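Before any comments, here is the structure.
Here, each number is a calculation from the coordinates, and none is a lab measurement. Being a predicted model, the structure only gives us computed values, none of them experimental. All Cβ positions, even for glycine, are placed from backbone atoms using ideal geometry, and neighbour counts span all protein chains on display.
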Amino acid sequence: MKRITTTPRNHWQAEVEKLGFGFHTTNVPYWDESVYYELSLAEVLAIEKATATLWELCLGAVQHVIDHKLYQQFRIPEWIVPLIEKSWTEDHPSIYGRFDLCYKNGEIKMLEFNADTPTSLYEAGIVQWFWLQEKDAQKDQFNSVHERLIQYWKYLKNYLNPGILHFTCLKETLEDLTNTEYIRDCAIQAGIETKLVFIDDLGWDHQQKQFVDLEGQAVTNIFKLYPWEWLLAEDFGKHIPEDSNRTLWIEPAWKMILSNKALLPILWQLYPDSPYLLPAYFEEGRLENYARKPILSREGANIDLVMKQLTIQQTEGEYGADGYIYQELFTLPNFADHYPVIGSWVIGQEPAGMGIREADTLVTDNKSRFVPHMIVS
């Protein structure tokens, strides 16, 4: 794996905006094509293998948590447990997830799993692919995101409840809206009737005991780019168990187990021999060098990196009230003070591609840049 500096395309902003990529720059650059990463085919195959294996381990962990009723360790409220178990036993569909992997010195380690509301899908599937076509169309990427999304929606079409498939995210969140609309577009290409409704505009019909959109249409299937833990904390979410339509939620309720960093100690307990896992514990004091992570957090917030009792990096945020886990420290590789993390996608139960986020520190946060990659023989 090599970091290559290069010259951005002329008028690259206009080129990515043609694709609908409107958040390429905020107060700091997000999309950065002044560099890219080269990977060999062997390296990509290793990442693909790791992703497939980790997905299987994660499914095993869900079964273990359900079998042993370990919900308290995940701070999952009891009232939603029946839906979690129902969604698991009935095999409610999961579209996607993103493993954050550290690849260094020939080793691949899972840092965490973005299993419920992962973003950067559009950048990985579309934006970096079009960059490659202009940069060097003879090269390839680890990238079948677009094809797999359409293929899997076609597969799931017959498993949806009667009615249209609603898509939802928060208002005034361009990144979330772009990713949601991209996934929705793939569903449309798969022949599914869809409708966008912002989560802020979803309603509850007390008489019919069903969720409805702004036009009063019943919501029977819904893809949400909105975290389960936020939904459960709101009065709106408390209606889910009494929903007369038994709405099919995507991502399903069982993903609450995988989108929680309490998953990491469970995985280590179950699969300590896996070469892709780092030691992780609920208890402090088991590790000399570790990352302390809130079980529920986002965008690198509230993380402490500790080495021999000294904090080498600490990030601020609003998370941590639900508790922490402690994961052995495995720092990101250093490319001239740039630190890349690999986001490896699972779509339709299969590895589907990757994107790279590059930070200026050891913690990847919301200011980290998305940089493209290519495969070289």
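Neighbours of P8, meaning other residues whose beta-carbon lies under 11 angstrom from its beta-carbon, give a summed charge of -2 when Lys and Arg score +1 and Asp and Glu score -1. Model label points for H68 and T25, set 7 angstrom from Cα along the Cα-to-Cβ axis, are 5.1 nm apart.
For E172 and S274, what is the calculated FRET efficiency with R₀ set at 56 Å and r taken between the beta-carbons, to the nearest 0.05?
Here the calculated transfer efficiency is 0.85.
Taking each pair of different alpha-carbon atoms in the chain once, compute 1/r for the pair, average those values, and report the inverse of that mean as the Kirkwood hydrodynamic radius in Å to one decimal.
On the way: mean 1/r = 0.0465 Å⁻¹.
About 21.5 Å, per the Kirkwood formula over Cα pairs.
Only the Cβ atoms of Lys and Arg (+1) and of Asp and Glu (-1) were treated as charged; on that basis the dipole of the stretch 42-185 about its Cα centre amounts to roughly 180 debye. In the stretch 279-328, Cα pairs under 8 Å separated by at least six residues give a relative contact order of 48 percent.
Comparing S34, S144, S120 in a Gaussian network model of the chain where C-alpha atoms under 10 Å apart are linked, the largest mean-square fluctuation is found at S34.
Please say if the stretch 109-241 is rounded, prolate or oblate, where rounded means a/c under 1.5 for a ≥ b ≥ c the square roots of the C-alpha gyration tensor eigenvalues, and otherwise the choice is prolate for a/b larger than b/c and oblate otherwise? Prolate is the answer for the stretch 109-241, as a/c is 1.5 or above and a/b outweighs b/c. For the stretch 219-235, the residues whose amide N sits under 11 Å from a probe point set 7 Å from the Cα of Q208 along the beta carbon direction are 219-220.
Loop-located GluC sites (Glu not before Pro) in the stretch 266-358 (DSSP state other than H, G, I, E, B) with a sparse environment of at most 13 neighbouring Cβ atoms within 10 Å: E283, E284, E288, E316, E318. Taking Lys and Arg as +1 and Asp and Glu as -1, the other residues whose beta-carbon sits under 10 Å from that of N114 total -1. Structure remark: mean-square fluctuation, Gaussian network model of the chain, C-alpha springs under 10 Å; the largest value among E43, E234, E251 belongs to E234. Extending 7 Å from the Cα toward the beta-carbon at both N161 and L196 defines two label points whose distance is 2.4 nm. Of L170, L160, L225, the sequence from fewest to most neighbouring Cβ atoms within 10 angstrom is L170, L160, L225.
Select from the stretch 281-377 those chymotrypsin sites (Phe, Trp or Tyr not before Pro) which occupy a DSSP coil region and have at most 11 other Cβ atoms within 10 Å, ordered by residue number. Qualifying residues, ordered by number: none.
Counted residue by residue at 0.36 nm each, then reduced by the alpha carbon distance between them, the extension gain from R3 to H239 reaches 80.0 nm. Taking 0.36 nm per residue of separation and subtracting the Cα-Cα distance, full extension of the segment from I312 to Q13 would add 104.0 nm. Placing +1 on the Cβ of every Lys and Arg and -1 on the Cβ of every Asp and Glu, with nothing else charged, gives the chain a dipole about its Cα centre of roughly 560 debye.
The value of relative contact order for the chain, using C-alpha pairs under 8 Å at least six residues apart, is 24 percent. Estimated from helices alone, the mean residue ellipticity of the chain at 222 nm is -7500 deg cm²/dmol (sum of -39500 (n - 2.57) over DSSP H runs with n ≥ 4, per residue). DSSP bridge analysis restricted to the chain gives an antiparallel fraction near 75%, rounded to the nearest 5. Projecting label points 7 angstrom from Cα along Cα→Cβ for E107 and N289 puts them 0.9 nm apart.
What shape does the stretch 279-328 take by its C-alpha gyration tensor, where a ≥ b ≥ c are the square roots of the eigenvalues and a/c under 1.5 counts as rounded, a/b above b/c as prolate, and the rest as oblate?
oblate
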